[in-house]
Amino acid sequence: MYVLKGKSVFGGIAIGKIAFYIKSKEKIKRYKVDEPEEEAVRFENARQTALVQLEELYKKALAEVGEANAAIILVHQMMMEDLDYLDSIRNIILNQGVNAEYAVGVTGDNFSQMFSTMEDEYMKERAADVLDISNRIVRVLNKEDGRFILTEPVIIAADDLAPSETIQLDKNMVLSFITRQGSTNSHTAILARTMNIPAVIGIGEELKEEYDGKYAIIDGFTGSIYIEPEENVLKEMEVKKKQEEEKKVLLQKLRGQENVTIDGKKINIYANIGNSTDIGAVLKNDAGGIGLFRSEFLYLEKDTFPTEEEQFAIYKYAAESMAGKKVIIRTLDIGADKQAGYFDLPLEENPALGYRAIRICLTEKDIFKTQLRALYRASAFGNIAIMFPMITSLEEVKEIKEIIMEVKTELSETGIDFNNNLELGIMIETPAAVMISDMLAKEVDFFSIGTNDLTQYTLAIDRQNPKLDKFYNPHHTAILRMIQLTADNAHKNGKWIGICGELAGDLSLTETFLKMGIDELSVSPGLVLGLRNKVRESDLSKIKKNIN
Ligand code: PEP
Ligand code: MG
């Protein structure tokens, strides 16, 4: 038995086989080929297939997102025809007598490095594109579509997992995540919580690829991993798992009960989701609504922009399934750690402070309007509210409202039904938004505090950096004071306020939030009933509010 240790991001016990997830790039190996000429032909065939793929992608993008946004695909096509790029690949294959994947991978890396050191901004941005086209050709050579196919429920082990990779895994087949790297505040960690599965990260090099296929136990409570467990450990963990399941059954008894404290204070408990497939868990755990639908995960699951129709179908399904309960859908919050290749976002030195979320939407208005049209159309089928991420100014909110007016006018002119009075809210996740929350409250219907980013931006700590986990303190007095200030400003203006960051599920703060007057807490579906239990056991008359 080997025992490994990491940082827990979600409790629970998983028992099963390990499947090691290896990214395409990591799989590229260099080997000698007998017939380099034939290998060059194999490369040429793969390049032609990749060009056909791009052609199809271009047609789709042209129809769905317009010429300006589709133009990047033309750039990719041109790069695939670039003589210097092609010469480099052919030279490596023919002169070194090696495989095409290796030649493409090396050339992609070299060209990307060369572009990233150029002065010209336009050329700098091509660094990501040349990697993208090289990966596409390698995927064709490997005869893979870049996805990880699972045929039985397994424990996923990986070096690290990007949100776009995590979201593409078949949830029914994932017992647990364990990774060498990763930060507890990353979106991959959040996804593990949403999926309600044990997850342990930051295990380091001890997590070896040779464990692939081995039987293991993951204790998400302690962050321990037992590879080929001894009989007594297996027995102990089976008991722990059973106790956990019994606790869950007990919590199920709280379904249908109110979220009310002993002294009569009520609060709404909603759930956070990343996809319509999470709605089953929302209903099972009896959440009062959906407090945060991270719509960007719809974009991360795909290889190209989701169309208005695709989005409409998903939002409509969410609205109908929740049968009149509130469904707060956050508009696209892509960028930083949430990357989808087809957006062709530039490589940035400080991505968390960069081109992301509402900044992309207010720049690439076609993308934004497609989503807003889908949301407004779906609003005719239930209780949809919309909220906007990463707000820092009144001007942004005013511009959003103007775009919404355009969308509503277009829909009315074509006779399409929508809810003209749907609630519009903003996420409070920058210190700037907190400081002007009195002014913002006059412009919107509600606030939802994103404590994950608010902590990152207030404490100047990159939430992605695992080294900083111990400094990332959402209990910091600065954060608690900001929450109180924002709540007061919302209420002074007759608006309601929720918290949808991970802090909402922190039971050590539930009473503080109740005392502050927070109206709604939105947490992973699996945490809803535990939070209800905590609220029902609280007696605020016996607690002094203390945020200093
Ligand atoms: C947050 O920042 O707290 C939040 C809820 O949004 P995300 O974690 O998706 O950035
Ligand atoms: Mg955020």
Under 6 Å between Cβ atoms, at least 6 apart or on separate chains: pull out the pairs that start in the range 189-214 with a residue that is assigned by TED's automatic domain parsing to the domain that holds Leu4 and within 16 Å of ligand 2 (Cβ to nearest atom) and end on any residue that is in a loop (DSSP other than H, G, I, E, B) and aromatic (Phe, Trp, Tyr).
none
Name every residue in the range 225-265 that is over 30 Å from the mean Cα position of the chain (by Cα) and either in a strand (DSSP E or B) or hydroxyl-bearing (Ser, Thr, Tyr) (or both), in order of residue number.
Val260, Thr261
Need the failing condition index for Glu406 against (1) open to solvent by 10 Å² or more (accessible area, probe 1.4 Å); (2) under 25 Å from Gly354 (Cα atoms), just the number.
(2)
Among Asp453, Asp417, which is the only one that is open to solvent by less than 30 Å² (accessible area, probe 1.4 Å), of a type outside the set (A, V, I, L, M) and touching a residue at least 24 places away in the same chain (Cβ under 8 Å)?
Asp453
Extreme residue, modelled with the lowest pLDDT, among residues of the range 274-289 that are touching a Phe, Trp or Tyr at 6+ places or on another chain (Cβ under 6 Å) and either of a type outside the set (S, T, N, Q) or not assigned by TED's automatic domain parsing to the domain that holds Leu531 (or both)
Gly274
Tally of residues being more than 29 Å from Val249 (Cβ to Cβ) and touching a residue at least 60 places away in the same chain (Cβ under 8 Å) across the range 502-517:
0
Filter pass, Met439 being away from ligand 1 (no atom under 12 Å from the Cβ) and either without any contact (Cβ under 8 Å) to a residue 60 or more places away in the chain or open to solvent by less than 40 Å² (accessible area, probe 1.4 Å) (or both)
yes
Would you be able to tell me the number of residues in the range 333-344 that are within 16 Å of ligand 1 (Cβ to nearest atom), at negative phi and in contact (Cβ under 8 Å) with a residue 40 or more places away in the chain?
5
Pick out the one residue from Gly501, Gly450 that is out of contact with any helix residue (DSSP H, G or I) (no Cβ under 7 Å at 6 or more places or on another chain), on the phi < 0 side of the Ramachandran plot and within 16 Å of ligand 1 (Cβ to nearest atom).
Gly450
Answer residue from the range 369-381, given it is open to solvent by less than 10 Å² (accessible area, probe 1.4 Å) and out of contact with any Phe, Trp or Tyr (no Cβ under 8 Å at 6 or more places or on another chain) and is farthest from ligand 2 (Cβ to nearest atom) among those:
Leu372
If you take just the helices (runs of 4 or more DSSP H) that sit entirely in the range 13-115, which of them hold at least 1 residues that are closer than 30 Å to Glu152 by Cα?
24-27
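Rundown of residues vs (1) over 29 Å from Arg136 (Cβ atoms); (2) out of contact with any helix residue (DSSP H, G or I) (no Cβ under 8 Å at 6 or more places or on another chain); (3) of a type in the set (S, T, N, Q), yes/no style:
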| site | (1), (2), (3) |
| --- | --- |
| Gln311 | no, no, yes |
| Val327 | yes, no, no |
| Glu349 | no, yes, no |
| Arg356 | no, yes, no |
| Leu362 | yes, no, no |
| Asn383 | yes, no, yes |
| Ile400 | yes, no, no |
Can you name the residue in the range 382-398 that is open to solvent by less than 10 Å² (accessible area, probe 1.4 Å) and not aliphatic (A, V, I, L, M) and, of all such residues, is farthest from the chain's Cα centre (by Cα)?
Phe388
I'd like to know if the range 109-128 contains one or more residues that are touching a His at 6+ places or on another chain (Cβ under 8 Å) and over 30 Å from Ala281 (Cα atoms).
no
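The values are calculated or read from the model by the stated rules, or taken from the named source; none is laboratory data. If you're wondering where the values come from, they're calculated on a predicted model, not measured in any experiment. Glycine gets a Cβ as well: all are built from the backbone with ideal geometry, and neighbour counts include every protein chain shown. All accessible areas refer to the heavy atoms of the entire protein, side chains included, with ligands and DNA or RNA removed. Shrake-Rupley method; radii C 1.70, N 1.55, O 1.52, S 1.80 Å.
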